[in-house]
Every structure is written in C-alpha cells, then in structure tokens.
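Chemist: Here it is, the structure in full.
Any read-out appearing in this document is the output of simple, stated calculations on the displayed coordinates, not a laboratory observation. Quick caveat: nothing in here was measured; it's all calculated off a predicted structure. Please note: Cβ atoms are built from the backbone with ideal geometry, for glycine as well, and neighbour counts cover all protein chains shown.
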Amino acid sequence: MTLVLALLVVAGCGGGDDEAALGTTVATTPAPTTTASGQTAWAAQADAICSAFQVRIDSLPAPRQPSEAATLARNTLVLARDELSSLRSLTPPPGEVMRVRMFLAALDRSIMALERLQQAAEAQDNREAQRAIQVGEAAGAAAARQGDLLGLVICGRAA
C-alpha cells in the first residue's frame with residue numbers, strides 16, 4: 001500500500017458514497033441563477049474555490065519515503081480545512097440548502113479520514129491507514145454524488 005496514493009485519493013476534495021439518500025423535494029423558491037456553462041452561480045463559485053485549492057494541494061511535494069507521508073497529510077489537511085471553510089462561506093442556492101449541507105458534510109468526513117490517515121502514517125500503522133482510506137473513499141463517493149446533483153464539475157472529485 002502506498003500512503004502517497006491513499007493521501008491523494010482521500011484529500012482530493014471527495015470521491016465516494018453517502019449513507020443518507022436525499023429524497024425528491026419540491027422547490028417553492030425561484031430557480032437559481034445559472035452561468036453560461038449551465039452551472040448555478042454557487043456551483044461555479046464552489047468549483048473555482050476547489051480548483052484553486054487543488055492546484056495548491058497538487059503542488060505539495062510527494063513523499064520520497066514512508067516517513068514523509070505524515071508531512072504530506074499534515075500539509076494537505078491545512079489546505080483541505082481552508083478549502084472547506086471557503087466553501088462553507090458561500091450562500092447555497094435556494095432549494096439546495098440540504099443538498100449543500102450533505103455535500104459539505106461528506107467533505108468534512110473526508111477531512112476526518114485524512115486526519116486518521118495522518119495519525120496512522122505517523123505511527124506507521126498500515127492497518128489503521130487502510131481503515132482511514134476506506135472511510136475516506138466512502139466520504140469521497142458521497143461528495144461526488146452530491147456534487148453531481150449540485151452541478152459541480154471540480155469539487156467532490158478525487159485528484
């Protein structure tokens with residue numbers, strides 16, 4: 001198992017399944033404003049945030065040895081937390097508040113999994129690292145699914 005690959009999967013702003021299914025809702029508010037690409041203004045802003053942070057995450061130096069994996073995780077965590085904070089500052093589109101909350105919760109679970117992965121890397125505990133990866137993959141899949149429903153193109157995708 002390579003912790004580098006695992007870190008990239010878990011830290012990539014999402015990628016797995018959500019336990020809670022969102023039912024169909026009837027919108028009683030005006031339709032959100034869309035951009036020329038068909039995205040809502042919220043989705044376009046969110047994707048711009050994710051894109052900027054992904055560039056920064058991608059620029060982090062890859063570990064050359066297993067002992068450096070925890071450093072990559074720690075540096076990725078700083079950026080991932082800032083990214084999530086920036087996304088939380090956006091006002092969700094009308095009628096999509098619950099879906100945005102579910103998306104952000106999935107990203108939060110991805111960050112928690114990355115924290116576990118960092119701790120496992122520091123302890124050189126491959127078994128715990130594998131469990132953290134599984135949790136991160138599930139959270140990432142949830143973010144991807146909610147991101148799709150929100151019209152996101154970049155956010156919620158593994159690097």
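Chemist: Can you sort VAL153, VAL135, VAL97 so the residue with the fewest Cβ neighbours within 10 Å comes first?
Modeler: Ordered from fewest to most neighbouring Cβ atoms within 10 Å, VAL153, VAL135, VAL97 come out as VAL97, VAL153, VAL135.
Chemist: What FRET efficiency would be calculated for the residue pair ALA123, ASP82, taking the C-beta separation as r and a Förster radius of 25 Å, to the nearest 0.05?
Modeler: Using R0 = 25 Å, I get an efficiency of 0.45.
Chemist: If you don't mind, another one. For the stretch 58-97, what Kirkwood radius comes out of the mean inverse Cα-Cα distance, in Å?
Modeler: That comes to 12.2 Å for the stretch 58-97.
Chemist: Under the rule of at least 5 residues apart or a separate chain, name every residue whose amide H is placed under 5 Å from the amide H of THR40.
Modeler: For THR40, the qualifying residues are THR35.
Chemist: Can you pull the semi-axes for the stretch 59-159, root of five times each eigenvalue of the Cα gyration tensor, sorted largest first, whole Å?
Modeler: Largest first, the stretch 59-159 gives 28, 14, 11 Å.
Chemist: Could I ask something else about it? Would you kindly give the portion of the calculated P(r) for the stretch 104-159 that falls above 18 Å, as a percent of all Cα pairs?
Modeler: Roughly 35 percent, rounded to a whole number.
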